[in-house]
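The values are calculated or read from the model by the stated rules, or taken from the named source; none is laboratory data. In this text the structure is predicted, and so the values were computed from the model without any measurement. Every residue, glycine as well, gets a Cβ built from its backbone with ideal geometry; the counts of neighbours run over all protein chains shown. With ligands, DNA and RNA removed, areas are computed over all heavy atoms of the protein, side chains included. Shrake-Rupley method; radii C 1.70, N 1.55, O 1.52, S 1.80 Å.
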Amino acid sequence: MNTLAKLRLHDLAPPQDDFLAAVLDGLGRARKTLPCKFFYDEAGSALFDAICDTPEYYPTRTELGILTAAAGDIADLAGRGGVLVEYGSGSSRKTRLLLDALAPALYMPIDISREHMLAACHTLAQDYSALHLMAVCADYTRPLRLPAVARGGQKRLAFFPGSSIGNFAPLEALRFLKNVAQQLAPDDGFLIGVDLKKDPAILNAAYNDTAGVTAAFNLNLLARCNRELGADFNLAAFTHRAFYNEAAGRIEMHLESTREQRVQIAGQVFGFVAGETIHTENSYKYRPDEFRHLAVQAGFEPQHLWTDVDTLFGVLYLRRR
Ligand code: AVI
């Protein structure tokens, strides 16, 4: 069968996010902020891939190690030959690990970036001859109804790797988990990667790599404002700041103005005093019991937690109640 015959697109036509409106709103606030979802233009996505390869950023390789060791157990819990639903697009090694272990009949990635997802699906369709694919173009951060597909009595496994759940505030995380639960039937599974609370020194290093890749990733948000919105941010007058906020249980990323300055965007002028920051990202860390509590509130029964030897990262299997 050729790859096109096995691949279908379910296009929920996500509304175009209005970058300009979000920037004007965020910078107009008393505490300036920009939404972290705008990090991921082409340059930002490439920088994120580079972050994952830095020696300090442990989550990606640690989660991959956990999944490699646990793949057989995961398949025993989730069942083989069913439907694998991935929140995010699946070109990564993590997806392939699950495709190899679970041999699902259908793979359903959900991603807002249609072209990137379709390219990844074509490659997977070539490499997995028995696999059918249903690419869902949607913004999974908003409530979402997945297409109904025949499951032939098999289970569905939802997969949300990378601790992307940490980029939601706790209430938004709960809303997201509830939405995932609604897309599953009782006894289906949800496999989710969660970055765990740990020595703040390890966390601070992970978001302040010595090669400066995370700094470049953060500053790219201002470069993107310049490129796409005609803003006049002087990138040399902002510095990357990332630190663990212990009380809130999160890494905060900011861009700090190193001097008093004014920035123009679409005819509006925003003033900065020296030391003022734009808050660009939160990355929440959980203790296993905190995350289990959230999962139970959302309608799941936590069944298994796999970690690495240093308990840096957790992969949880949640059963839909
Ligand atoms: C995508 N997300 C889980 C990353 C994180 O760790 O919160 C994004 C990131 N920001 C800086 N480094 C990585």
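Tabulated data for the structure shown
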| quantity | calculated |
| --- | --- |
| Signed unit charges on C-beta, dipole axis of the chain, positive-most listed residue VAL263, LEU171, ALA215 | LEU171 |
| Three-way shape call for region 61-181 based on the alpha-carbon gyration tensor, with the a/c threshold at 1.5 | rounded |
| Where region 239-320 is the region considered: accessible area per residue in Å², 1.4 Å probe | 46 |
| Rounded Å value of the spacing that divides the Cα centres of region 151-187 and region 278-294 | 16 |
| Amide hydrogen neighbours beyond the local backbone of ILE265, cut-off 5 Å, H modeled | PHE270 |
| Solvent exposure of region 144-189 as accessible area per residue, Å², 1.4 Å probe | 44 |
| Entries in LYS37/LYS94; LYS32/LYS285; LYS32/LYS94; LYS37/LYS178 that, when Cα-Cα distance is taken, lie over 25 Å | LYS32/LYS94 |
| Net charge over other residues, Cβ less than 11 angstrom from the Cβ of ASP111 (K, R count +1; D, E count -1) | -2 |
| Span from the region 30-88 Cα centroid across to the region 244-264 one, whole angstrom | 24 |
| Net dipole in debye of region 1-68 [+1 Lys, Arg Cβ; -1 Asp, Glu Cβ; about Cα centre; nearest 20] | 200 |
| Relative contact order of region 68-171, pairs being alpha-carbon contacts under 8 Å that are 6 or more residues apart, as % | 34 |
| Carbon and sulfur %, accessible surface of the chain computed with the full protein complex present, 1.4 Å | 52 |
| Cα-Cα separations in region 1-139 greater than 17 Å, expressed as whole percent | 68 |
| For region 110-262, share of DSSP beta bridges that run antiparallel, in % to the nearest 5 | 55 |
| Whole-number percent relative contact order across the chain, with pairs defined as alpha carbons under 8 Å at least 6 apart | 21 |
| Phi to ³J(HN,Hα) by Karplus 6.51 cos²θ - 1.76 cosθ + 1.60 over region 162-169, Hz, x for Gly, Pro | x, 6, 5, 4, x, 7, 8, 5 |
| Contact order relative to length of region 1-153, as percent, for alpha carbon pairs under 8 angstrom and 6 or more apart | 30 |
